[in-house]
Number of protein chains: 2
Amino acid sequence: MVQNKAFIYKSIPVGWPVAGKDLTIEDIGFDDAAPPPKGGFTTKNFYAAFDPSQRGRMRDPSISSYSAAMQTGKPVTSVHILGRVLKSDRADVKEGALVLVWSWATESFSAVGPSAQVEVIEERPGVPLTAYLGPLGMTGMTAYGSLHEIGEPKKGDTILISAAAGAVGQVVGQIAVREGLHVIGSVGDDAKLDFITKDLGFTSGFNYKKEDLNAALTRLAPNGIDIFYDNVGGDLLDVAITHMNTFGRIVACGSISTYNNKSTSDNYGIKNYGQVVRRRLKWQGFLVLDDNITKWRKERDENISKWIADGSFKSVDHVTDGIDRAVEGFLGMLKGENLGKSLLKIAEPE
Amino acid sequence: MVQNKAFIYKSIPVGWPVAGKDLTIEDIGFDDAAPPPKGGFTTKNFYAAFDPSQRGRMRDPSISSYSAAMQTGKPVTSVHILGRVLKSDRADVKEGALVLVWSWATESFSAVGPSAQVEVIEERPGVPLTAYLGPLGMTGMTAYGSLHEIGEPKKGDTILISAAAGAVGQVVGQIAVREGLHVIGSVGDDAKLDFITKDLGFTSGFNYKKEDLNAALTRLAPNGIDIFYDNVGGDLLDVAITHMNTFGRIVACGSISTYNNKSTSDNYGIKNYGQVVRRRLKWQGFLVLDDNITKWRKERDENISKWIADGSFKSVDHVTDGIDRAVEGFLGMLKGENLGKSLLKIAEPE
């Protein structure tokens, strides 16, 4: 047996998760002499991805939702774990391979059973390992698939992105820049505004806390909006609808503004929905594992790898170093303090 | 010159149009000895269609919208006029042909210029002439095209239709019944409830003024709703969203509940829009002349003609007899007093 530090989901949080009470770090042990699970494999893990969706899974399991509730007393489920295979009993996963395991425990060593969803990573020159948990992982699949499938971008279109400096927003924005769109980002502080316009190449942006929303869109999108990539909902959504062009597309990726409301009646009510008829809008939701999103995987892999390697696309990460600091990294992500994709470094890759 | 009685738009109404002030009947004369307009034709008219969209065109012309404002002092523009060709200078419109002229003046005789949108009617056995202004006219094109293009109906799906006894709603419902869907209608009085369930064959329905909306949908759609065909918006839309199945479709045809509000701030605010993401809904608007709607025309013509002829589809009209009574028929339509498609009979067809 060796030490196996894990990020543990101890109890269901009420409001913000509390370090040491709801979330802890514990040694759960790993039997390094045991064979791999039948049809599965074992790994040493290097990175885990933090994602806002994890908070939704820390709930009373009797409340159903699109993703399963986590089990208390077990490691926190990460969207992705990136690690190297130690022993394998699975034909398509070789010993020594670098793998991305979806929806897996945040721990130092794993015994991965046969039903896990696994990708064997083909390392590409010029692409950092962390990109496989971001633009080449779920975040990038979300962004690339939905932008193309629902947003139907055409060169010259104007796109508005809410939560533009967030993990998904910054990938959507960079893809849109590459494809010749006029790209406008909405963010909540001036540092993020600098980041999207100066570092990521967005055409423009605004701080929604400082400027009247209607004035900002009138100023930045004088010819109207063709695509609204919406991560937030709320009043920006209501105002944006009145700036959409005929046959515009609203990609409904999230509605963060509603997630922490105690009840639906606290939500901002959208009053301009009549424009969906008049302007012939298409307003559509998706989840990353839907077939119409994952069908874009190969094109996403090729394009984003190429763009990262040639330096025209940035994979911006906020890396929390060491599993002992997992709670801090997780809470920083939930509070929006981390710029870019939030990752946990579990061990130095080898 | 012969007498040519016309339904005249005299002045811009404030609130409900007033008979004799905003709307009148006048003789505008017709020169029956003159040749037809160059590249056009003349007609004797039999029917005109009333439609709620006409009210929106009776506005200050400086307010832009998707359809042009009517001109005061001129005849009221009807969605369709059905008449017979008297003289023609247009190759594809023969003298004696029965024609449907889109967006044309409500008058007894017309001189139709070369730019008018015209359909030459091929009379089909068992199909009454009035059907060409309803299920085989704009109403039917709206219903058939949008239901199939956006609603994507599959046998066994559950569809909810608001304003189900209205001109569009009753056509959508009957198509859905024919195609093997579970069809639920929302209506505002018990006579309409009887009409849709007993006369038109809807699976079920409810009176939204008498029953709690959530209770009604729980009772009538225990397996959820796959398609919501929405003519109304408002609280029913908000509640219906919470009963939609994964990958459900909302066909945004209209939002009558907002049309008479003095400002957008009076509109009911939709709070459950976050379900668009979770349930992966597609919520899409359209207008009847959009290419993706009119591409269904041939299929619509064939199917609905066949269904009317074999007696399995009802073309329900409310006919106001005589152009002298046009104001009464128009106001009855606006107030929802007419059951089925509202038509004006201008002259006995010959």
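Every number in this text was worked out from the coordinates using simple rules, so none of it is lab data. This one's a predicted model, so the numbers in the text were calculated from it and none came from an experiment. Every residue, glycine among them, receives a Cβ derived from its backbone with ideal geometry; neighbour counts consider all protein chains shown.
Using Cα pairs closer than 8 Å and at least 6 residues apart in sequence, work out the relative contact order for chain A, in percent.
Dividing the mean separation by the residue count of chain A yields 17 percent.
Can you pull the semi-axes for the protein assembly as shown, root of five times each eigenvalue of the Cα gyration tensor, sorted largest first, whole Å?
59, 26, 23
In sequence order, what are the phi-derived ³J(HN,Hα) couplings for the stretch B:123-140 according to the Karplus relation 6.51 cos²θ - 1.76 cosθ + 1.60 with θ = phi - 60°, rounded to whole Hz, with x for glycine and proline?
5, 10, x, x, 10, x, 4, 4, 4, 6, 9, x, x, 9, x, 5, 4, x
To the nearest 20 Debye, how big is the dipole of the stretch A:138-294 about its Cα centre, given +1 on the beta carbon of each Lys and Arg and -1 on that of each Asp and Glu?
It works out to roughly 360 debye.
So if each residue of separation counts as 0.36 nm, and I subtract the Cα-Cα distance between B:LYS335 and B:ILE63, what length gain in nm does that give?
The B:LYS335-B:ILE63 span can extend by a further 95.5 nm.
Greater than 31 Å separation of Cα atoms is the criterion. Which listed pairs, A:LYS271/B:LYS306; A:LYS154/A:LYS198; B:LYS74/B:LYS209, meet it?
A:LYS271/B:LYS306; B:LYS74/B:LYS209
Set Lys and Arg Cβ to +1 and Asp and Glu Cβ to -1, take the dipole of chain A about its Cα centre, and tell me which of A:GLY254, A:TYR273, A:ASN214 lies farthest positive.
Of the listed residues, the answer is A:TYR273.
Hey, got the dipole for chain A? About the Cα centre, +1 on K and R Cβ, -1 on D and E Cβ, debye to the nearest 20?
For chain A, the charge dipole is close to 760 debye.
Where the Cα atoms of the stretch B:45-159 are projected onto their three principal axes, how long is each span, largest first, in whole Å?
That works out to 50, 44, 22 Å along the principal axes.
I need the inter-copy label distances for B:ARG325: point set 7 Å along Cα to C-beta, values in nm with one decimal, smallest first.
8.3
Kindly state, to the nearest 0.05, the FRET efficiency for B:ASP212 paired with B:ALA309, given R0 = 56 Å and r defined as their beta-carbon distance.
0.85
Ranking A:VAL172, B:VAL277, B:VAL251 by Cβ neighbours within 10 Å, fewest first, what do you get?
So the residues, fewest neighbours to most, are B:VAL277, B:VAL251, A:VAL172.
Quick one: of the DSSP bridges fully inside the protein assembly as shown, what percent are antiparallel, nearest 5?
Of those bridges, close to 55 percent are antiparallel.
Using the 7 Å Cα-to-Cβ label point, sort the distances from B:THR72 to its equivalents in the other copies shortest first and give them in nm to one decimal.
7.1
Can you list the HN-Hα couplings for the stretch B:82-88, worked out from phi with the Karplus curve (6.51, -1.76, 1.60; θ = phi - 60°), rounded to whole Hz and with x for Gly and Pro?
Along the stretch B:82-88, the couplings run 10, x, 10, 6, 8, 9, 9 Hz.
Residue by residue through the stretch B:11-17, which ³J(HN,Hα) values in whole Hz follow from phi under the Karplus form 6.51 cos²θ - 1.76 cosθ + 1.60 (θ = phi - 60°), with glycine and proline marked x?
8, 5, x, 10, x, 5, x
Just to confirm the filter: which trypsin sites (Lys or Arg not before Pro) across the stretch B:34-137 are DSSP coil and have at most 11 other Cβ within 10 angstrom of their Cβ?
Those that pass, being in a loop and sparsely packed, are B:LYS38.
Kirkwood Rh over Cα pairs of chain A into Stokes-Einstein at 4 °C, 1.567 mPa s: D in µm²/s?
My calculation gives 61 µm²/s for D.
If you wrap the stretch A:222-293's Cα atoms in a convex hull and average its projection over all directions, what's the area in nm²?
So the mean shadow area of the Cα hull is 5.5 nm².
With the alpha-carbon atoms as the only input, what is the per residue convex hull volume for the stretch B:144-247 in Å³?
86 Å³
For chain A, modelled as a GNM with alpha-carbon contacts under 10 angstrom, which of A:ALA33, A:ALA221, A:ALA131 fluctuates the most?
Comparing A:ALA33, A:ALA221, A:ALA131 in a Gaussian network model of chain A, the most mobile one is A:ALA33.
List the trypsin sites (Lys or Arg not before Pro) within the stretch B:255-325 that fall in a DSSP loop (any state other than H, G, I, E or B) and whose Cβ has at most 11 other Cβ atoms within 10 Å.
Answer in residue order: B:LYS262.
Within a 10 angstrom radius of each residue's Cβ in B:224-237, how many Cβ atoms of other chains show up on average? Whole number is fine.
Partner Cβ neighbours, averaged per residue: 1.
For each of B:HIS80, B:HIS148, B:HIS318, count neighbouring Cβ atoms within 10 Å of the residue's Cβ, then give the residues from fewest to most.
Final ranking by Cβ density, sparse to dense: B:HIS318, B:HIS148, B:HIS80.
Quick check for me: using +1 on Lys/Arg Cβ and -1 on Asp/Glu Cβ, what's the dipole size of the stretch B:28-129 about its Cα centre, in debye to the nearest 20?
180 debye
Round to the nearest 10 and give me the degree value, 0 to 90, for the angle of helix A:167-178's Cα axis relative to the longest principal axis of chain A.
Taking Cα atoms only, the helix is inclined about 60 degrees.
How far is it, in nm, from the label point at A:ILE12 to the one at A:GLU122 when both lie 7 Å from their Cα along the line to the Cβ?
With each label point 7 Å from Cα toward Cβ, the separation is 4.5 nm.
Give the residue list of GluC sites (Glu not before Pro) in the stretch B:69-173 that are DSSP loop and have at most 11 other beta-carbon atoms within 10 angstrom.
B:GLU122, B:GLU123
Can you grab the distance from the C-alpha centre of the stretch B:281-350 to the C-alpha centre of the stretch A:43-94, Å, no decimals?
Centre-to-centre distance over Cα atoms comes out at 56 Å.
Take every Cα pair under 8 Å in the stretch A:138-294 that's 6+ residues apart, average their separations, divide by the length, and report that relative contact order as a whole percent.
The normalised contact order for the stretch A:138-294 reaches 23 percent.
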